[in-house]
């Protein structure tokens with residue numbers, strides 16, 4: 001039997017320490033930002049070199065001051081002038097001045113490096129987060145909400161930035177100085193140095209007791225900030241509703257409660273931080289008392305001079321700011337620990353493009369779309385139940401049904417904006433779930449009734465996402481079919497008019513036309529419209545219905561609609577009711593018999609007499 005060599009006590013201790021660290025949540029959080037720190041290796045090495053140089057200068061100065069003090073005391077004891085002794089040591093005085101300038105310059109460099117490294121790490125995390133959020137399934141984004149995601153990008157990455165620049169780097173810098181100060185004390189007199197070091201374990205114990213409380217209070221404050229952010233995003237978007245409902249006072253009271261609770265959490269964090277600062281001051285004061293007692297005994301034994309005592313006290317005085325900085329860094333660490341966990345949790349969400357490299361691109365030839373046995377549920381709430389339908393190139397297919405029947409959900413599954421819980425969707429016999437997501441969306445253009453525009457010019461919005469091969473003829477055709485050219489003519493700066501955030505200077509109907517033009521410029525072989533004409537007037541919708549009929553000559557067009565112009569021109573109509581296809585046929589065949597479609601059509605005709613009048617006038 002071969003005996004394995006026993007591990008040395010040092011190795012065993014290191015292994016236990018490593019295992020203990022791996023169980024510490026904060027240490028785990030720190031390891032999770034290492035990939036974002038790696039590109040900063042050169043700056044980190046430079047920062048380390050600057051810290052070593054600064055520590056050396058910081059510790060050297062008290063020794064020079066002590067030497068000057070001994071020289072002056074010796075001169076005074078000999079009956080000589082103190083100033084003459086100082087003149088004799090002019091080179092040491094000049095060295096002190098040089099060291100002061102050196103420390104000041106090095107500190108500027110160190111802070112600048114720390115700030116740069118922290119900002120770069122936060123920037124990398126934001127870029128990674130934005131790329132991942134864009135690739136998340138729609139359900140995951142909706143579940144988190146805009147307000148909570150906004151906190152990830154701004155507040156959480158800011159916490160990481162402060163941790164790196166003001167926490168890790170500055171604390172490493174300060175700890176290096178602290179180690180150098182203790183070594184300096186030991187060099188002056190090991191008994192005095194030991195007396196100063198004895199206070200640190202007591203401070204560490206108090207630190208350990210308060211840390212869990214600080215972490216818990218910081219987590220509670222973070223949650224309150226997130227809730228406030230989500231509340232503000234929702235209410236600012238819905239401010240018209242607040243005003244129209246005269247709920248300003250009620251919303252002010254809600255916001256007051258949110259701010260009060262946030263302030264209470266912040267006050268608790270501040271109180272714990274104050275106690276930890278108090279411990280730092282108390283520990284330093286105790287160290288000074290112990291040093292004075294030991295120093296007096298050492299002086300009686302002729303083992304410590306006056307200059308040595310001054311050196312020790314000067315070194316000790318430099319320790320208090322370091323302990324304070326550790327308290328501040330610890331607060332950043334506790335806050336960042338929560339932020340890092342939330343960022344990592346978001347980045348760990350499965351994205352819809354995870355397996356794209358292993359899939360083939362969707363190729364569209366005939367443009368035949370087949371929905372086979374598709375079902376969908378929001379959690380435990382069923383929305384669609386075993387849907388079957390088909391659309392071919394050259395057809396205009398309409399889907400109708402009462403609100404809540406599942407029309408939008410069904411159409412959102414075609415470009416893989418949602419994933420069926422059962423069933424499959426085929427395009428030219430290709431299962432779209434087994435093709436690249438990007439290729440599916442390149443081949444299937446999707447327009448909904450509430451698709452926002454982006455802050456920019458009207459032309460920027462029309463050309464957003466336009467393929468490089470889009471020529472002027474294709475662009476002009478898309479603009480003409482969507483009616484966007486009429487909109488440009490009514491605006492003061494034409495195509496160069498800035499539409500504002502969300503396209504706020506345009507009417508809902510105009511925004512829908514621009515959104516349609518944006519999709520048509522991309523020229524996909526399959527076009528899906530989800531109530532994309534709901535905000536148009538009768539004349540505009542009739543013109544657009546004819547445009548859709550024109551598009552359907554060489555494309556597959558599927559539209560959710562409930563108004564006459566589109567329905568009369570549709571080649572096939574599917575009627576959804578309670579998540580199921582209950583009827584299908586043409587407008588004429590469905591409206592001439594007792595059917596759900598006939599009832600829906602009758603209601604829509606009663607609600608929209610102008611549409612019927614326009615249709616009759618045109619005929």
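Which of the residues that make up the range 302-326 are more than 17 Å from residue 187 (Cα to Cα) and over 54 Å from the mean Cα position of the chain (by Cα)?
none
Among the listed residues 330, 351, which satisfies the condition of being surrounded by fewer than 22 Cβ atoms within 10 Å (Cβ to Cβ) and in a loop (DSSP other than H, G, I, E, B)?
Going through 330, 351 in turn, the sole match is 351.
Out of the residues in the range 195-216 that are closer than 24 Å to residue 305 by Cα and in contact (Cβ under 8 Å) with a residue 40 or more places away in the chain, state the one that is surrounded by the fewest Cβ atoms within 10 Å (Cβ to Cβ).
Per the stated criteria, the residue is 198.
How many residues, within the range 182-238, are farther than 17 Å from residue 334 by Cβ and assigned to a helix (DSSP H, G or I)?
Here the count works out to 32.
Here is a yes/no grid of residues against (1) surrounded by fewer than 14 Cβ atoms within 10 Å (Cβ to Cβ); (2) within 27 Å of residue 389 (Cα to Cα):
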site	(1), (2)
421	yes, yes
463	no, no
468	yes, no
472	yes, no
497	no, no
514	no, no
531	no, yes
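Suppose the filter is surrounded by fewer than 16 Cβ atoms within 10 Å (Cβ to Cβ) and in a helix (DSSP H, G or I); does residue 250 pass it?
So residue 250 fits the description; yes.
Residue 450 is checked against (1) modelled with pLDDT under 90; (2) in a helix (DSSP H, G or I) and fails just one. What number does that condition carry?
Every condition holds for residue 450 apart from (2).
Taking the range 391-432 on its own, how many of its residues are touching a strand residue (DSSP E or B) at 6+ places or on another chain (Cβ under 7 Å), over 25 Å from residue 599 (Cβ atoms) and in a strand (DSSP E or B)?
Number satisfying all stated conditions: 7.
From the list 73, 101, which residue is at pLDDT 90 or above, assigned to a helix (DSSP H, G or I), in the same structural domain as residue 339 (by TED's automatic domain parsing) and surrounded by fewer than 19 Cβ atoms within 10 Å (Cβ to Cβ)?
Answer to the check: 101.
Need a quick list: helices (runs of 4 or more DSSP H) entirely within the range 463-573 having at least 2 residues that are closer than 25 Å to residue 369 by Cα.
Fully inside the range 463-573 and qualifying: 472-482, 508-522, 538-551, 564-569.
Results for (1) without any contact (Cβ under 8 Å) to a residue 60 or more places away in the chain; (2) farther than 28 Å from residue 542 by Cα, shown as yes or no for each residue.
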| residue | (1), (2) |
| --- | --- |
| 411 | no, no |
| 419 | no, yes |
| 434 | no, yes |
| 456 | yes, yes |
| 468 | yes, yes |
| 473 | yes, no |
| 476 | yes, no |
| 485 | yes, no |
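The values are calculated or read from the model by the stated rules, or taken from the named source; none is laboratory data. Everything quoted here is computed from the prediction, not taken from an experiment. So basically every Cβ, Gly included, is an ideal-geometry build from the backbone, and we count neighbours across all protein chains shown.
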